[in-house]
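Coordinate-derived values only; no laboratory data. Being a predicted model, the structure only gives us computed values, none of them experimental. A quick note on method: Cβ atoms are made from the backbone with ideal geometry, for glycine too, and the neighbour counts reach across all protein chains shown.
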Amino acid sequence: MAEQPTSAPLAPGPQTGPVDAISVRDVTRDYRRPRASVRRPSPPVHALRGVSFAVPQGQRFGIVGESGCGKSTLLRILAGLDQPTSGSVAIDGRDITGLRERQLRFVRERLQLVFQDPMSALDPRMRVGDIVAEPLVAQGHRHRKERVAELLEAVGLRADAANRYPHQFSGGQRQRISIARALAPRPKIIVADEPVSALDVSVRAQVLNLIADLVDELSLTLVFVSHDLSVVRHVCDRVAVMHDGQIVETGSTEQVYEDPQHSYTRRLIAAAPTLDRALSGVSAADLNRE
Amino acid sequence: MTPAPDTAPATASASGQGSPDRPDDVLTVRNLGVTVGGRKLVEDVDFTIRAGERVGLIGESGSGKSLTALSVMGLLPDGLRATGSVRLAGVGHDLVDADEARMSRVRGKEIAMVFQEPMTALNPTMKVGRQIAEVLLVHRTRPDRASARAAAVDLLAQVGLPDPAAAVDAYPHQFSGGQRQRVVLAIALANDPALLVCDEPTTALDVTVQARVLDLIVRGVQDRRSAMLFITHDLAVVATACERVMVMYGGRVVESGPVQEVFTRPRHRYTRGLIGASDLTAVDDRGRLATIPGSVPPAGRFPAGCVFRNRCAHATEACATRPDWVPTGPDSGYACFHPVAESGVRGTAVPTNQEAGRG
């Protein structure tokens, strides 16, 4: 909350009550760039520099930041697609750091991802039914056909969509397909990376409503990553603002937006154009002022 | 049948043959259409932009907004054909159907453009200083390379690049996305164009960088008294950067007018829906956003009659025929049989206290 990055109370203490869906403790991730010189190795890139937070079951947790802030690295680590350099990540109380791929199976069941670009996230040569069923195949699920039909209906698509290919759908419909696929293994946690950034305005509201409906009905925990503050504000209960590999501020979304404490958060909010502010006379120069 | 909303003396403009109607008119677009095969992607687009005026063109994918901009620039992809008339003050010929030799004399001089993706707009193998100098030398607005280079340094300083004297000798990959977009803007402004066309110039940028680039664009055109056509899907951006806005859907302008008016008292049902759907502060009792049902049809597959009628809750049989343009002012009007009542205030969203502040 204060200017101090990663405040201590964030780090989950000894567990009391229900286990947090996600708990991240002091995670760092360093990368090495390819050598630029024969004499010395290039300096490491500190993509994450001591990130800690916890997401209780059922919460909608937003992560906001600009490109290069480390939010994508963090997501990959949460999903078990990458390992932190130090620190630990627990999903439903089970540490996933240092596990091998076959030991990560429970993560794949509990936590699913929805990506920004629904076209590159869907295999163009597979029929929608097979795309949605793929996580079920991996898990040896029976009655896949019925489950696929049920999932397509849940995301507002007709059952005959299963026989068609991704390119036959619009951007919003493709994002519905990605969501159906993510829900297939009955996960309890959905991690969505900029899920509506590529969508048209009139379709964005539909997909945001769909996500909200599903999170409610299925009592999901949602981690929602976006560069768009107004979207996070609408979707999430709590928000973490990332800058330069660190969480610079965290709190309830209302509190962070109404009364930002960190200078970076203030700058981010001040720079974002909104219709209401524009109509009350805020100019481009004003957005750039802070 | 053709809406001619932007010129008060409609009769004078209807002919559309001569040069722009009034001395201040920079860009005069009449009856612009874009077709591919037999399919109409854009039809009957009419508007005028005067010197120093900043006009936004908003719409979703497939609305025809980018095709409109590309036809103004004479940059339509192969196979697409523009019809109608696009006149630019000071240019003796129509830009529609002008051959490449003529257009290349206009482009980069009278009209300049800023695209969404700065990396593809810049030549990766050429120092940015030379890329700026090139546009000055090609159009012979600077006599020699030395003075063009000096002008390039000056332009980079104007767009706020740190250490412009060194920046001229850097390659595009050495800059960040926002800095590259500023280089593109420097090239666009180099010859003080009468018209600057911006197509989603800040969409790929971070919020704080977007604020910077928007500010530079607005200042750049204000300083030169250039006309600006600004294309975006982002209502907040257009309301911030422009004075006037045209709303496109299905290849037609369905509503236009001053930003303040269109966004606070929209008349067309689509505009109303768009504003409602983009307002993330107004929710129903279940916490859900207002939506427009269905999705945007692919370009050229919009319904006949009113293009919005298959998604519109107010559509009737009347909407199967094409609605006439209803002018509401010199630069404003709409095309809808069942417009929002004039008193209709936008959505449920009255500006909330913290957002209505000074910013």
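Computed quantities for the displayed model
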{"item": "Computed magnitude of the charge dipole of the protein assembly as shown (debye, nearest 20; Cβ of K, R +1, Cβ of D, E -1)", "result": "1680"}
{"item": "In the protein assembly as shown, lysine pairs closer than 30 Å at Cα, eight or more apart or cross-chain", "result": "5"}
{"item": "Degrees separating the helix B:207-224 axis from the principal Cα axis of chain B, which is the longest one", "result": "80"}
{"item": "Prolate/oblate/rounded label for the range A:100-209 (Cα gyration tensor, a/c 1.5)", "result": "oblate"}
{"item": "Cleavage-rule hits (trypsin sites (Lys or Arg not before Pro)) in the range A:242-290: DSSP loop, at most 15 neighbouring Cβ within 10 angstrom", "result": "A:289"}
{"item": "Rounded, prolate or oblate (a/c below 1.5 giving rounded, otherwise prolate when a/b exceeds b/c) for the range B:302-345 by Cα gyration tensor", "result": "oblate"}
{"item": "Residue A:168-residue B:125 FRET efficiency (beta carbon distance; Förster radius 45 Å; 0.05 resolution)", "result": "0.70"}
{"item": "Candidates A:237, A:276, A:82, ranked by Gaussian network fluctuation over chain A, Cα under 10 Å, top entry", "result": "A:276"}
{"item": "Calculated Rg and Dmax of the range B:10-249 using C-alpha coordinates, Å", "result": "17.5, 55"}
{"item": "Gyration tensor (alpha-carbon) shape descriptor, the range A:50-158, a/c threshold 1.5", "result": "prolate"}
{"item": "Spherically averaged projected area in nm², based on the convex hull that wraps the Cα atoms of chain A", "result": "18.3"}
{"item": "Taking the range B:10-249 and dividing mean pair separation by its residue count, relative contact order in percent (alpha carbons under 8 Å, at least six apart)", "result": "27"}
{"item": "Crossing angle, helix B:145-158 versus chain B [Cα axis fit, 0-90 degrees, rounded to tens]", "result": "50"}
{"item": "Fraction of beta bridges assigned by DSSP in chain B that are antiparallel (%, nearest 5)", "result": "60"}
{"item": "For chain A, built as a Gaussian network whose Cα springs stay under 10 Å, the top-fluctuating residue of A:178, A:42, A:202", "result": "A:42"}
{"item": "Positive-pole candidate from B:146, B:66, B:233, dipole of the range B:10-249, charges at beta carbon", "result": "B:146"}
{"item": "Where no second cysteine Cβ lies under 4.7 Å, the cysteines concerned in the protein assembly as shown", "result": "A:69, A:236, B:198, B:242, B:312, B:336"}
{"item": "Those chymotrypsin sites (Phe, Trp or Tyr not before Pro) in the range A:23-108 that DSSP places in a loop and that have at most 10 other beta carbons within 10 Å", "result": "none"}
{"item": "For chain A: relative contact order, % (alpha-carbon pairs under 8 angstrom, 6 or more apart)", "result": "24"}
{"item": "Loop-located trypsin sites (Lys or Arg not before Pro) in the range B:140-219 whose Cβ has at most 11 other Cβ within 10 Å (DSSP)", "result": "B:140"}
{"item": "Beta bridge orientation in the protein assembly as shown: antiparallel %, DSSP, nearest 5", "result": "55"}
